[in-house]
1. Using a cut-off of under 19 Å, list every residue of the range 77-121 whose amide N is near the label point 7 Å from the Cα of GLN63 along the Cα-to-beta-carbon line.
2. Please report, largest first and rounded to whole Å, the three semi-axes of the ellipsoid equivalent to the range 445-513, where each semi-axis is the square root of five times an eigenvalue of the C-alpha gyration tensor.
3. Specify which residue in the list SER218, TYR124, PHE175 is farthest towards the positive end of the charge dipole of the range 106-258, using unit charges on the beta carbon of Lys, Arg (+1) and Asp, Glu (-1), about the Cα centre.
4. Rounding to the nearest 10 and keeping the result within 0 to 90°, find how far the Cα-based axis of helix 505-515 lies from the longest principal axis of the chain.
5. Report the Rg/Rh value for the range 27-306, based on alpha-carbon coordinates and the Kirkwood definition of Rh.
6. Pairs of Cα atoms under 8 Å, at least six residues apart: use those to get the relative contact order of the chain, whole percent.
7. For the range 27-306, calculate the relative contact order in percent as a whole number, restricting contacts to Cα pairs under 8 Å that are 6 or more residues apart.
8. If you take every DSSP beta bridge fully contained in the chain, what fraction is antiparallel? Give it as a percent rounded to 5.
Amino acid sequence: MNRRRSLFWLFLFLLFSCRSAQTGSGKDDGIIEIVFLHLNDVYEISPLSDGSGGLARVAALRQSLKAKNPNTYTILAGDFISPSVIATLRHEGKRVRGRHIVDVLNALGIDAVAFGNHEFDYDYDDLQARLNESNFLWLGTNLRLVQSDSTVGPFFKQRPDGQREACPDYHIAEFADADGTRLRVGLWGVTVTVNQKPYVCYENPLDAAERMSKALRSKCDVQVGLTHLDIEDDLKLAARLPEVPLLMGGHDHDNMLHRVGRTTVAKADANARTVYVHYLRYDKRRGRAQVRSELRRMDERIPPEPNTAAVVAKWEKIKEEALQNAGFNAKAQVTILKAPLDCREALIRHQQAPVGQMILNAMLAAAREKPDCALLNSGSIRVDDVLSGLITELDVVRMLPFGGGISEVEMRGALLQRTLDASLRNKGKGGYLQLAQITRDESSNRWLVRGQPLDPARTYRVVLPDFLLTGQETNMDFLKTDGNPDILRVYKPDPNDKTDVRNDIRHTLIRYWRGQ
């Protein structure tokens, strides 16, 4: 009996010794797989009304992926600081301006982000505060900070000890698997050059990416890019950088997957309706990368990760209290829709949409100078959802988180025509305009105002959001009011008159809906 037991334990010892020798011997097969969890353009931290999205679900997926492969790296390809309902509200005496989502992303475990154009919606001090609060890496390959003394340098995090940590042009992440295969992955991130602020200096993103790719060739085994660009530029970049197997993008809000040669270009849906999981398998002996990409839907099938869910719940409570302080009753009924109202960006940025007409009608109803027509930039509508049934004041704020006033403008027909032509070039972007009392005769390529051909020499009265008059909308810098000879007069409401709904387009829409 003792002899059998001794033989049994000897067998187990030899078995585990052999396995340990195999796995611990450092035998490198030269093949390793890295997993990239990729999301982009996230403005909502909670699930949307259709049940999709929610960053606590993304956190749960991340944990599941890491349990299967510790070499899992989570990235966000830009646009998260703004816009959102919570970001516009006050908490602890200050506008939130992205503090909430940085807090949630820290809990989720984001590894790296690219800057998006909406990271620059606010003043520099707001962005700097978000940088300081973040636990993740920011990649700003084509961006530089213009400092108060006019010198230019990288964006940075200010640490509690007073030290500055630069946001790098690139980062080299090192991975290893069980058999000892090691891999150095170079990451860089480039950003579209719209929504420019005076504190940001831009390099052409395609040129910057190409420059960085060349500099990294001797420093890493393989590169991947984070991009916040129009898809047309992503495809151009993929053609210029055939050695980069994966570009994880943002800025376009719809999921897409393209192949350019051996390069994969991918974008997920905005607001984490979907995320991409990219499996990058690299053979070091052949110097060859293979990418397999899976689009994952974030819905009720994925239970939320508890820690991240708790942080989300904290900010949702803050949102409800702050809305009330701002004069909005989150739960108060505004209207009951007779039919679903499609506010998805895939619709409103490409064609005239019922939600656009609804808001434009509200603007016309509030106007006092008998306008000929109305304009609305589709990018001001941010809910990216299909609304139905009961509409509350919270839904209106979700729809139009930027708020802002509306103005009535007397402008020459030549300027109105230039604006409308720019809108056509902006199709697919936030600068595509929703129009009221304006149509286009495609047979003659002419614009019609109230059914009559637009006359460049005539003066028109136009009601439009104040934001358009800043000239910051895509391809519409010519709309700035200062010194503009084609803008003859601007009618604005008294900002101190809290009863004038023209001071906030959200109140404009609320009154219109309630008065129907």
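Every number in this text was worked out from the coordinates using simple rules, so none of it is lab data. Values in this document were obtained by computation on a predicted structure and should not be read as measured data. Cβ coordinates were reconstructed from backbone atoms using ideal geometry, including for glycine residues, and neighbour counts include every protein chain displayed.
1. 103-111
2. 25, 17, 13
3. The Cα lying farthest towards the positive end belongs to SER218.
4. Relative to the chain, helix 505-515 is tipped by roughly 70 degrees.
5. 0.95
6. That works out to 14 percent.
7. Worked out over the range 27-306, it gives 25 percent.
8. Rounded to the nearest five, the antiparallel share is 70 percent.
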